[in-house]
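The numbers here are math on the coordinates, done by the rules we state, and not lab data. All of these numbers come straight from a predicted model, not from anything done at the bench. Using ideal geometry, Cβ is built from the backbone for each residue, glycine included, and neighbour counts are taken over all protein chains shown.
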Amino acid sequence: MAYVVTEKCLGERYATCVAVCPVEAFSPGEYKGQPFMIIDPDTCITCGMCLPECPIGAIVDSEEKDPAYAAINRELAPQFKGNPPVETRPANDPPKRPDNKLVNG
Ligand code: SF4
């Protein structure tokens, strides 16, 4: 069982989740030509630290909640792993996509 980065992250990638993960489960990369981030399901210990850190609520707490993106996280993990770290965006930076909203905004 693992947490999952969902489609909302695509083109956004605040990367605020990375710093709080105790096991470095997050890796950045490009998916469909856009900035994205994945959780390696074999590394995630389901601690829950990352969930409140995403300004747009792009993380879900189980693979059952988004099986399609759970599969995508798993598929992309080997190729994203080892990518250089990316800069974080401020948590109050407005979303780039019109269909995304700041959770606390
Ligand atoms: S639930 Fe915990 S271990 Fe899993 S990705 Fe989030 S912060 Fe990392």
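Please identify the GluC sites (Glu not before Pro) of the stretch 34-105 that satisfy two criteria: DSSP loop assignment and at most 15 other Cβ atoms within 10 Å. Which are they?
Values: sites: Glu53, Glu63, Glu64, Glu75, Glu87; in loops: Glu87.
Counting only loop positions with at most 15 other Cβ atoms within 10 Å, the GluC sites (Glu not before Pro) in the stretch 34-105 are Glu87.
What the Cα convex hull of the chain gives, in volume per residue, is 94 Å³.
Under a Cβ-Cβ limit of 4.7 Å, which cysteines in the chain have nobody to pair with? Cys with no partner Cβ under 4.7 Å: Cys9, Cys21, Cys44, Cys47, Cys54. Each of Cys47, Pro98, Thr16 was placed along the dipole of the chain (beta-carbon charges, centred on the mean Cα), and the one lying farthest toward the positive end is Pro98. A simple charge model with +1 on the Cβ of Lys and Arg, -1 on the Cβ of Asp and Glu and nothing else charged puts the dipole of the chain at about 300 debye relative to its Cα centre. To the nearest 10 degrees, how steeply does helix 67-80 sit against the main Cα axis of the chain, on a 0 to 90 scale? Approximately 80 degrees, to the nearest ten.
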